[in-house]
Amino acid sequence: MITVFGSINLDMVIRVADFPRPGETIPTKGFAMSAGGKGANQALAVRRAGGQIRMVGLTGADSHADLALALLKEAGVDLTCTGVCDESTGLAFIQVEDSGENTIAIVKGANGEVSAETAERMLADLSAGDILLLQQEIPLTAMERAIEIASRTGAKSVLNTAPFQTDYISLVDRVDVVISNETEFDALMPGSKPRPERAKQFAQERKRLLIVTLGADGAMVVEPGCEAVIVPSPKLETVVDTTGAGDTFCGYFCKMLADGVDPVAATRKAVAAASLACCKNGAQPSIPLASDLD
Ligand code: RIB
């Protein structure tokens, strides 16, 4: 079983030709609301990849929660450990420009209420062979406790270091697998050496599997004691929206890991899924099914 412990958001998305500059007012090319949150997106990606998945997180007792959870429900994600609190459901304000790039500002809402106590209550039944997948949109103390529970029970912990937060850096030393994008990795392991060398050193010193996603260039896989392996991405004619591509990668990667697939083959599948996710609008609406990849 794979468990995601993380955020649930409702995304408010506007499309713009170019991001506005400070002080500028611009017209948009459209507005949409869709389900999001890095945790929920990753849970849906596991499910669409064909995996069994449980989502642990919090929403508010409001109508935004229904929209935020709709696609997870429809896909059959286990939501029995998704609770409700007094804060409102998390929101993300997203601008997507014509290049497909985005900017995201978050109102953490209920996600900020996820606590160490939530972890104790909802993750008590983790067991050896399970995978716990985490991102950095819930409080640090909750994540620390969740990782502690995973290591106590023998579950494998996978940390996606997005969104990057300096306070959370020490977590990379406590998990089994780290998935970062280039910017996050450079912040974790700064230096003048080429990235593959730094990645090799990171994986070797910490004795853990490291994946660095490289955007349009694919991803780099580094197992401790091994050279970095680059998995290239298929070339896309048009990038529509990159929102949620990293989440799609993490969900697919964990599903493959749970199936016992080796890290390079798992990355190959995850890169293909993340590329497809860039071809449609929205975070959750764009996550492909396993059959789309075939
Ligand atoms: O990774 C994309 C996600 O980041 C969006 O769905 C938004 O909710 C933010 O959490």
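Derivation of every value follows stated rules applied to the coordinates shown; laboratory data play no part. No experiment lies behind these values; they were computed from the predicted model shown. Cβ placement follows ideal geometry from the backbone for every residue including glycine, while neighbour counts extend to all protein chains displayed.
Here are the numbers for the structure shown:
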{"quantity": "Local electrostatic count, Leu67, Cβ distance below 14 Å [Lys/Arg +1, Asp/Glu -1]", "calculated": "-3"}
{"quantity": "Low-density loop positions, trypsin sites (Lys or Arg not before Pro), region 217-294 - DSSP coil, at most 15 other Cβ in 10 Å", "calculated": "Lys235, Lys280"}
{"quantity": "Built amide H within the under 5 Å cut-off of Val16, gap 5+", "calculated": "Lys29, Val96, Glu97, Asp98"}
{"quantity": "Along principal axes, Cα extents of region 169-268, largest first, whole Å", "calculated": "38, 34, 24"}
{"quantity": "GNM result for the chain, Cα springs below 10 Å: residue of Ser88, Ser170, Ser157 fluctuating most strongly", "calculated": "Ser170"}
{"quantity": "Convex hull volume per residue for region 57-174, taking Cα atoms only, in Å³", "calculated": "134 Å³"}
{"quantity": "Tail fraction, Cα-Cα pairs, region 1-91, threshold 20 Å, whole percent", "calculated": "41 percent"}
{"quantity": "Kirkwood hydrodynamic radius over Cα pairs of region 38-114, then Stokes diffusion coefficient at 4 °C and 1.567 mPa s, in µm²/s", "calculated": "97 µm²/s"}
{"quantity": "Lysine pairs meeting the criterion (Cα under 25 Å, 8 or more apart or interchain), as found in the chain", "calculated": "28"}
{"quantity": "Radius 14 Å from Cβ of Asn181, net charge of other residues (Lys, Arg +1; Asp, Glu -1)", "calculated": "-4"}
{"quantity": "Rg and Dmax [Cα atoms of the chain; Å; Rg one decimal, Dmax integer]", "calculated": "18.0, 53"}
{"quantity": "Computed [θ] at 222 nm, deg cm²/dmol, the chain (DSSP H ≥ 4; -39,500 (n - 2.57); rounded to nearest 500)", "calculated": "-10000 deg cm²/dmol"}
{"quantity": "Choice from Val212, Val158, Val229 showing the highest fluctuation, given a GNM over the chain with Cα pairs closer than 10 Å", "calculated": "Val229"}
